[in-house]
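All remarks here apply to the structure that follows.
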Amino acid sequence: MLNKIKKIISNYGLLEQSLISLLNFIIIFANSKFLSNEEFADFIVIFSAITFIFLIVSNFCANPVLVFLPTEFNHSTIMYLKYLFKINIITSTVLSVLVLILIKLFFLYEMIFYNVAVAVILTILWSTYELIRKQSYARNKLGRLFVSSSILVMTYIIGNVIFLRKLDLTLSLEILLFSYLFSILFYVFFSKSINNIKIEKIRNRNILNLHWNFSKWTIIGGALYWSSLQGYFILLSKVLLDVELGALRTTLNFLGLMTIFLVLFENTYTPLSSTVFAEKTKEEFKTYIRTLGKKYFFPLIGLVVIVSLFSYIAFDLFFNDKYSSYKYLILIFGIYQLVLGLNRPFIVALRSMNKTKYFFIGNFLSALFTLTIGMLIANSYNVLGSALSILISAIISTFYFILSFKRVIKNYTE
C-alpha cells in the first residue's frame, strides 16, 4: 500500500491533470456561490465563449506538440516552440476579440468593454499555459509544471477568499487572469535553457501544415462537442431566467467530479487497450473490451450513486436557498454522468483502433440534437427541458459509440 501511495505521489502527470480538473470545478463552484444570479449567468456565457476559443487554439497549437516535438522537431525545439507561442498569441487574440465582441452584440448587451479586454487577455494566458503544459509532457519535464499548476490553483482559491465580500463579475475574471499570469511567470522564471544536440532550421509553413493536417478534424470535433454543451448554455441564456441558467450549470458542475474518474480511466486503459489491439487477435481484443466493461460497470454505478447522493444532500449546505428548488437536477445529471461513463470502454476501444471519425460523428449528432430539438424542449419546459436535452444528447452519442464499435469490430479483418 505504501509503495502504491509513493508511486501516485511521484506521478506528477496524474497529479497535475487532477489539479487542472479540480480548478475547472472550483471556477464554477466559486462563481455560482458568490456571484449574484445575474452576474453568474453572464459569467457562464463569457466562460463558455472563452472555452470555445481555447479548444480551437489548443487543438491547433498545443495538442500536436505531444506528437511532433519528440519526433519531427526534437533537434529544433527552441525554434519550434518560439514559433508556436507566437502563433498561439496571435490566434487567441484575434479569435477572442471577434468572439467576445459577437457575444456583447448578441447576448450580453450591457457587458462593459473592460470585461471584454480582461476576457481577451485571460484567453491568451489560458491557451499559452496549455501550450506550456503540452510541451512539458512532450519533453517529460513535469516537476516544475506540477508546482506551477499548484500555484495556479492556490492563487485562484486565495484570491477568491481574500475578495470574498467584494466579488463581482469583473473581479472574478481578474482573479482567474492573475492566477494564470503568476503560474506562467513562475514556470518561465525557473525554466532552464533547452539544449539541442543539433540545431536545424525549420520552415514555418511546414509547422502550420503539420499542425493543420493533424488537428483539423479534432478542431471540428471539439467545436461540435463544445456546441452540444457550452454553446447550448449560451443559447439558453436567451431562454432561461438567470437563476435557472445558474442552477443548471451549478448542478452539472457538482457532478463534474466524476470527470476526474472518467479521464483517469481513459488515460489508464487507452495505452493498455492499444497494446492488446496491436498484439492480439480480433476475438481476444473483443473479449478484452467486454471484460473491461464488466469490470468497470459496478464501480461506476457505485461511484455515480455515492457522488449523486452526496451532491444532493450537500447542495443546500453549500448554496443555502439560492438554488434549492432546482437540486432535483442533480438526479438527472447523475444519470447523465452514468451514461457518459458507460461509453468509456467503447471510446477507449475505438481510439485504440484509430477510428477517430466516429468521435466526430458522435459529437455532431449530440450537437445537432441540443441545438435544434433541445432548444425546442427548453422553450417548452424551461430548466427541466434543458437538463433532459443534455441527458438525451449523451444517450444518443453513447448508443452511437457502442453500435460503431460493434460494427467496426465485426467488419475488422486482421
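Bear in mind these aren't lab numbers, they're just calculated from the coordinates by the rules spelled out. Keep in mind the model is a prediction, meaning the values are calculated, not measured. Note: ideal-geometry Cβ built from the backbone for every residue, glycine included; neighbour counts use all protein chains shown.
Bridgeable aspartates and glutamates around Lys327 (alpha carbons under 15 Å apart, same-chain partners fewer than 8 residues away excluded): Glu244, Asp316.
Listed by chain and number, the aspartates and glutamates placed with their C-alpha closer than 20 angstrom to that of Lys238 are Glu38, Glu39, Asp42, Glu110; residues fewer than eight positions away on the same chain are left out. What's the local net charge at Leu235, with K and R +1, D and E -1, over the other residues with C-beta under 14 Å away? With Lys, Arg at +1 and Asp, Glu at -1, the net is +1.
A simple spin-label model places the labels of Leu331 and Val408 3.6 nm from each other, with each point 7 Å out along Cα-to-Cβ. Remark: the stretch 239-414 is approximated by an ellipsoid whose semi-axes, taken from the C-alpha gyration tensor as √(5λ), come to 34, 19, 10 Å, largest first. For the stretch 353-390 versus the stretch 121-161, the inter-centroid distance based on Cα atoms is 31 Å.
Using only helices, what value at 222 nm comes out for the chain when you add -39,500 (n - 2.57) per DSSP H run of length 4 or more and divide by the total residues, to the nearest 500 deg cm²/dmol?
-27500 deg cm²/dmol
Phe297 sits among other residues whose Cβ lies under 14 Å from its own Cβ, and their net charge, with Lys and Arg +1 and Asp and Glu -1, is +4. Ellipsoid fit via the Cα gyration tensor, the chain: semi-axes of 32, 30, 22 Å, each the root of five times an eigenvalue, largest first.
The stretch 291-320 and the stretch 249-278 have Cα centres separated by 15 Å.
Scoring 403-409, 219-225 by mean Cβ neighbours within 10 Å over their residues and listing the highest first yields 219-225, 403-409. Structure note, pairs Lys86/Lys216; Lys282/Lys357; Lys141/Lys295: Cα-Cα distances above 28 angstrom occur for Lys141/Lys295.
Add +1 for every Lys or Arg and -1 for every Asp or Glu among the other residues with Cβ under 12 Å from the Cβ of Leu81, and state the total. Don't skip to the end; give the middle numbers.
Working: positive: Lys82, Lys86, Lys134, Arg139; negative: none.
Within the 12 Å Cβ shell, the charges total +4.
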